[in-house]
Every structure is written in structure tokens, then in C-alpha cells.
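Working notes, structure below.
No lab work stands behind these numbers, since they all come straight from the coordinates. None of the values given here were measured: they were computed from a predicted structure. Don't worry about glycine lacking a Cβ; one is built from the backbone with ideal geometry, like all the others, and counts go over all protein chains shown.
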Amino acid sequence: MTRLGLILRKRSRWLHKRITAAPVRARQKLVDYLVGLGFLNIHRCVVHGPRERLHLGRGVNCRNNILFNTRSGHIYIGENTVISFHCMLLTGRHEFEHGRLKQPRARQVPSSGYDIRVGSGCWIASGAIILGGVTIGDHCLVAAGAVVTKDVPDGAIVAGVPAKIIGDVSLLTDGSAADLLIDEEGDD
């Protein structure tokens, strides 16, 4: 651990008082610096790429250590969508040419064409990853740890790596998703 890290660990109460008393801009700069050192802030939403490419509807919950990568497209989130802890919405990707990463490095990441669209009233559970070029319909449920690589229709429940449709939210009666799992024994 760095010397600064040891000092911060010893004086965490003192630092907490200073951070909360600081003006908002100074506080944000300090939090950015600490996160860069590896300190976790679970109430942080990180945008990697142009912030103007992130479009959040009203009532969207995104304060739970979520990563939005807008390097290769826009991200549109519909109203009243809940995004749980440690989710990633990644438009960025690297392009290959003749089996190798494109050179120079500036040409590896396309600047557009991989938009992500999430409908209204969705729940993206903890640890889910949504890759660029995907559209998720309204009122969908993406299970914890799922990796969404293809479009998801309205009202679907998806899970797995890669994510597959396992149910439909219209079947929910008591709020429990456990009853919705489709018995896929014997299916490949």
C-alpha cells in the first residue's frame, strides 16, 4: 500500500469529516482521486467516455457503483428502471484487423454504432453486464450476473452467460421470480 493509503486509513474519520464539509466540486475531485487509488465508493456511478451520451429517464436509480462505457455509442435508460450494484453497460469494444488489434491504438475503439437501449420499468440485477448494440424492452428483468449480448423482448426475464430468456414477467403473481424458471431439462 502506498504511503498516502496508510495515512488515509489511519485518519479515515478525520478525512470523512473534511470531505463532507468541503464544497461539492472539491469533494468530487477528492472522491475521484481516492477511487483512482482503489478505494471503493459504492454510491458512485462512473461514466467512461462522453457524459452527453448517457441519457437517463426520470426515476432511474444509478448510484450503486455502476459503470457506463459510452466510448462507442449512446446509452438510453427508460423511466423507472432500477440498476443494481456493480452492473456494467459497455458500448466500448476493440476492433480487430487480420486477427490482430487494429493499429494505431486510436483506431481500435469505434466512436459510434454500439448503442444500448434499456426500456422503462426494467430491473437490472447485481453484477449484470449489457454489451453494446443491445436493446432491452420495457418491463424486463435481467438476472444477477447475466451477460446480455442480444436483444431482449418486452416483459422477458433473462439469465445466464450469455443471457437467455427463462421466463416472462407477466407470470409474476407474488413478486417472486423463483416460480418463473422454465424447466429446460433435456434442452440444449
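Here each label is just a point 7 Å from Cα along the line to Cβ, and for ASN61 and VAL46 those points are 2.2 nm apart. Taking θ as phi - 60° and the Karplus parameters 6.51, -1.76 and 1.60, the scalar couplings of region 71-88 work out to 5, 10, x, 8, 10, 10, 10, x, 5, 6, 8, 10, 10, 7, 4, 6, 8, 10 Hz in sequence order, x denoting glycine and proline. Under 5 Å between amide hydrogens, built in the peptide plane, is the criterion, and for ILE166 it picks out ILE157, VAL158, ALA159 among residues at least 5 positions away or on other chains. If the segment from HIS98 to ASP151 were pulled out straight at 0.36 nm per residue, it would be longer than the present Cα-Cα gap by 16.3 nm. Proximity of backbone amide H atoms, modeled 1.01 Å from N, is registered between HIS48 and PHE68, ASN69, THR70 at under 5 Å, excluding neighbours fewer than 5 places apart on the same chain.
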